[in-house]
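The structure appears right after this line, and notes come after that.
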Amino acid sequence: MASKALNLPNLLTYARIAAVPLVVVCFFVEGRLHGSETARWWALGIFVVASLTDWLDGYLARAWQQTSTIGRMLDPIADKLLVAAALLLLAADGTIAGWSTWAAIVILCREILVSGLREYLAELKVSVPVTRLAKWKTATQMVAIGFLLAGPAGDLVVPFVTKTGITLLWIAALITLYTGYDYFRAGLRHIDV
């Protein structure tokens, strides 16, 4: 049992969870919420590495036949923690502001609702597989957040980094709405009212 919990795919998932506070700490290095240029680049680097482990842990688990119950449980949780923490951080520091906050709210609400639906359906022994579009949704979210973490520091290197991030965040929110609707439509067949 311990060997399954400590296989490389699961260790990558644990590392992704551990990366969440590291990304947040980058913005608090000066003792207050402040995304200096250096802090943003560090946060982006940690976030990119953590995001890549999402693909890598799944690939290795399947390739090495090391899938486990704890891995199946923690993998989506790790993704949601990483995305939620980054979105809240970016909203708190003002990178995501105004109407764009709604895109972040849509993403966060969908993640919570789908997690609840999955938990309910798991009790009924009903599996709702992840669709290809849902994987694209996750990828779009991660790329959008990457651009937004770079934010103003990225704008100094390449113009429109922040605007590109906001545009991608809205695209991710629209895909999120569609995939959320898809999951609920599939799940409604199993809900006893």
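Looking only at region 14-64, which residues are outside any helix (DSSP H, G or I) and either among the charged types (D, E, K, R) or within 23 Å of THR138 (Cα to Cα) (or both)? First the steps, then the outcome.
Going residue by residue through region 14-64, those that are outside any helix (DSSP H, G or I) are 27-36, 64.
Result: GLU30, ARG32.
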### Task
Just give me the residues in region 138-189 being farther than 30 Å from GLU37 by Cβ, open to solvent by less than 80 Å² (accessible area, probe 1.4 Å) and either in contact with a Gly (Cβ under 9 Å, 6 or more places away or on another chain) or not polar (S, T, N, Q) (or both), in sequence order.
ILE175, GLY180, ASP182, TYR183, PHE184, ALA186, GLY187
### Message
Suppose we filter region 39-54 for residues that are open to solvent by 40 Å² or more (accessible area, probe 1.4 Å) and either touching a Ser or Thr at 6+ places or on another chain (Cβ under 8 Å) or aromatic (Phe, Trp, Tyr) (or both); how many remain?
### Response
2
### Message
Looking at region 61-71, can you tell me whether even one residue there is open to solvent by less than 20 Å² (accessible area, probe 1.4 Å) and within 17 Å of THR95 (Cβ to Cβ)?
### Response
no
### Summary
When every residue in region 81-100 that is exposed (fewer than 14 other Cβ atoms within 10 Å of the Cβ) and without any contact (Cβ under 8 Å) to a residue 40 or more places away in the chain is compared, the one nearest to LEU174 (Cα to Cα) is TRP99
### Message
What pairs come out if I take residues in region 143-161 that are free of Cβ contacts under 8 Å to residues at least 12 places away in the same chain and part of a helix (DSSP H, G or I) and pair them with residues that are polar (S, T, N, Q) and open to solvent by 20 Å² or more (accessible area, probe 1.4 Å) whose C-beta lies under 8 Å away, six or more apart or interchain?
### Response
ASP155/THR162
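Take ARG16 and tell me if it is in contact with a Gly (Cβ under 6 Å, 6 or more places away or on another chain), basic (Lys, Arg) and touching a residue at least 24 places away in the same chain (Cβ under 8 Å). Break it down stepwise before answering.
Details: in contact with a Gly (Cβ under 6 Å, 6 or more places away or on another chain): no; basic (Lys, Arg): yes; touching a residue at least 24 places away in the same chain (Cβ under 8 Å): yes.
Spelling it out, it is not the case that ARG16 is in contact with a Gly (Cβ under 6 Å, 6 or more places away or on another chain), basic (Lys, Arg) and touching a residue at least 24 places away in the same chain (Cβ under 8 Å).
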### Query
Are there any pairs, at least 6 apart or on different chains, whose C-beta atoms fall under 8 Å, with the first in region 169-191 and in a loop (DSSP other than H, G, I, E, B) and the second open to solvent by 10 Å² or more (accessible area, probe 1.4 Å), and if so, which?
HIS190/LEU124; HIS190/VAL126; ILE191/TYR120
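If you scan region 85-121, which residues turn out to be among the aromatic types (Phe, Trp, Tyr) and assigned to a loop (DSSP other than H, G, I, E, B)?
The initial filter retains those residues of region 85-121 that are among the aromatic types (Phe, Trp, Tyr), namely 99, 102, 120.
Within region 85-121, TRP99 is the sole residue that qualifies.
The values are calculated or read from the model by the stated rules, or taken from the named source; none is laboratory data. From a predicted model like this one, the values you see are computed outputs, not experimental measurements. As a convention, Cβ positions derive from the backbone with ideal geometry for all residues, glycine included, and neighbour counts pool all protein chains shown. Please note that ligands, DNA and RNA were not included when accessible areas were found on the heavy atoms of the full protein model with its side chains. Shrake-Rupley method; radii C 1.70, N 1.55, O 1.52, S 1.80 Å.
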